[in-house]
Amino acid sequence: MSEFFAMGGYAIFLWPAYLATFLAIGVNIVLARRAHEDAKQEARRRIAIEDEGPL
Amino acid sequence: MNWAWFHRLGSPPHIYRIAGTLTPWFAWLAGLLIIVALYSGLVLAPPDYQQGDGFRILYVHAPSAWLAVMIYGVMASAAAIGLIWRMKIGHAVAASCAGVGAWFTVVSLVTGMLWGKPMWGTYWVWDPRLTAQLILLFLYLGYLGLRAGFDDLSRADRASAVLAIVGFINIPVIRYSVEWWNSIHQAPSVMKMARPSMPIDMLAPLLMMLLGFTLYFAAVLLVRLRAEILRRERTASWIREVLR
């Protein structure tokens, strides 16, 4: 097992590379979902204001 | 000929719904492919005869570099469709691409540096391939910055579309840089006309990663596109129905 993590001596280069990649994958999932949720919230707010009508 | 299907295809509510249906399929398939590719790339594939286990950085470096370039292609094409045929959905797609593309350009540069240090002895050289990839990052950032500089959405769309299209010239430069110039970067092993120069147990994880990353991008793009459509279709009545 420790042999696997050592990656033939390349561990200090290889694991950070994998970490950076999967960090970006995770971040982009979060950012996309947040953008969609924010847009939905914004649209709901707009609809609520429209329904109240002119003050 | 009946063109109704074509107009329905381009209509925002239709795209919003289709995107919502497709996203989980792309996402789960991508996740499955990437997990299988991780195991076969890190455990099953044999070490390289020159680079030992260090070559396994390939399995994250090549897919992220592919995404960086492919996303730019999608972005420039969508921007051109928006600009030439005045299809707003084109601009919405282009705008949804840029952020993701910029992220994966950074990843391709970082993973490339981490591969370059043990193999070339340096994190960075001003090599044609590396420099062109850095320019790609600046194009993405320029695109995002330009859009942010406009209050008017349709002006932001048109100006940023021109930048995206002009910047496309950088894509063939990235692709052929290793052939045109005496680059330190290795030549393509897979994306070329001849047979891939890799045994199948090294190649299979790479192909699964490339497909997995592509499907992952499709899923992320569709979610971002839905957000973009909601933001653009401010007063449309169909939004009331989908949000209920």
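Test B:A4 against the criterion of being at pLDDT below 95 and within 14 Å of chain A (Cβ to nearest Cβ), and give yes or no. Write out each step before concluding.
Working: at pLDDT below 95: yes; within 14 Å of chain A (Cβ to nearest Cβ): no.
Criteria not met by B:A4.
I'd like to check something: does the stretch B:200-218 contain any residue that is within 15 Å of B:M75 (Cα to Cα), in contact with a helix residue (DSSP H, G or I) (Cβ under 6 Å, 6 or more places away or on another chain), touching a residue at least 60 places away in the same chain (Cβ under 8 Å) and of a type in the set (A, V, I, L, M, F, W, C)? Within the stretch B:200-218, one or more residues are within 15 Å of B:M75 (Cα to Cα), in contact with a helix residue (DSSP H, G or I) (Cβ under 6 Å, 6 or more places away or on another chain), touching a residue at least 60 places away in the same chain (Cβ under 8 Å) and of a type in the set (A, V, I, L, M, F, W, C). Would you confirm whether or not the stretch B:89-100 contains a residue that is buried (at least 21 other Cβ atoms within 10 Å of the Cβ), under 25 Å from A:L19 (Cβ atoms), at the interface with chain A (Cβ under 10 Å from one of its Cβ atoms) and out of contact with any Cys (no Cβ under 6 Å at 6 or more places or on another chain)? For the stretch B:89-100, residues buried (at least 21 other Cβ atoms within 10 Å of the Cβ), under 25 Å from A:L19 (Cβ atoms), at the interface with chain A (Cβ under 10 Å from one of its Cβ atoms) and out of contact with any Cys (no Cβ under 6 Å at 6 or more places or on another chain): present.
Each row is one residue, and each column tells you yes or no for (1) modelled with pLDDT under 95; (2) within 29 Å of B:I35 (Cβ to Cβ).
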residue	(1), (2)
B:G149	no, no
B:D157	no, no
B:V190	yes, yes
B:M198	yes, yes
B:Y216	no, yes
B:R224	no, yes
B:E233	yes, no
B:S237	yes, no
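Cβ separations smaller than 8 Å between residues 6+ apart or across chains give the following pairs from the stretch B:103-116 residues that are at the interface with chain A (Cβ under 7 Å from one of its Cβ atoms) to residues that are not in a helix (DSSP H, G or I): B:L114/B:Y123. Which ones in the stretch B:130-147 are among the polar types (S, T, N, Q) and either open to solvent by 30 Å² or more (accessible area, probe 1.4 Å) or without any contact (Cβ under 8 Å) to a residue 40 or more places away in the chain (or both)? Result: B:T131, single match.
Can you give me the number of residues within the stretch B:63-87 that are under 23 Å from B:G112 (Cβ atoms) and open to solvent by less than 30 Å² (accessible area, probe 1.4 Å)?
The initial filter retains those residues of the stretch B:63-87 that are under 23 Å from B:G112 (Cβ atoms), namely B:63-76.
In the following step, the residues that additionally are open to solvent by less than 30 Å² (accessible area, probe 1.4 Å) were identified as B:63-65, B:67-68, B:71-73, B:75-76.
Count: 10.
Using the structure shown, decide if B:V60 is closer than 25 Å to A:R33 by Cβ, facing another protein chain (nearest Cβ under 9 Å) and open to solvent by 30 Å² or more (accessible area, probe 1.4 Å). It is false that B:V60 is closer than 25 Å to A:R33 by Cβ, facing another protein chain (nearest Cβ under 9 Å) and open to solvent by 30 Å² or more (accessible area, probe 1.4 Å).
Among the residues of the stretch A:1-28, just one is more than 30 Å from B:P47 (Cα to Cα) and loosely packed, with under 15 Cβ neighbours inside 10 Å, namely A:V27. Please work out which one of (1) surrounded by 15 or more Cβ atoms within 10 Å (Cβ to Cβ); (2) modelled with pLDDT under 85; (3) under 19 Å from B:Y59 (Cα atoms) is the condition B:R175 fails and give its number. Condition (2) is where B:R175 drops out. Residues of the stretch A:1-36 being more than 7 Å from every other protein chain (Cβ to nearest Cβ) and not in a helix (DSSP H, G or I), which ones? Result: A:M1, single match.
The values are calculated or read from the model by the stated rules, or taken from the named source; none is laboratory data. Quick caveat: nothing in here was measured; it's all calculated off a predicted structure. Cβ atoms come from the backbone with ideal geometry, glycine included; neighbour counts cover every protein chain shown. Accessible surface is based on the protein model in full, side chains and every heavy atom, while ligands, DNA and RNA are left aside. Shrake-Rupley method; radii C 1.70, N 1.55, O 1.52, S 1.80 Å.
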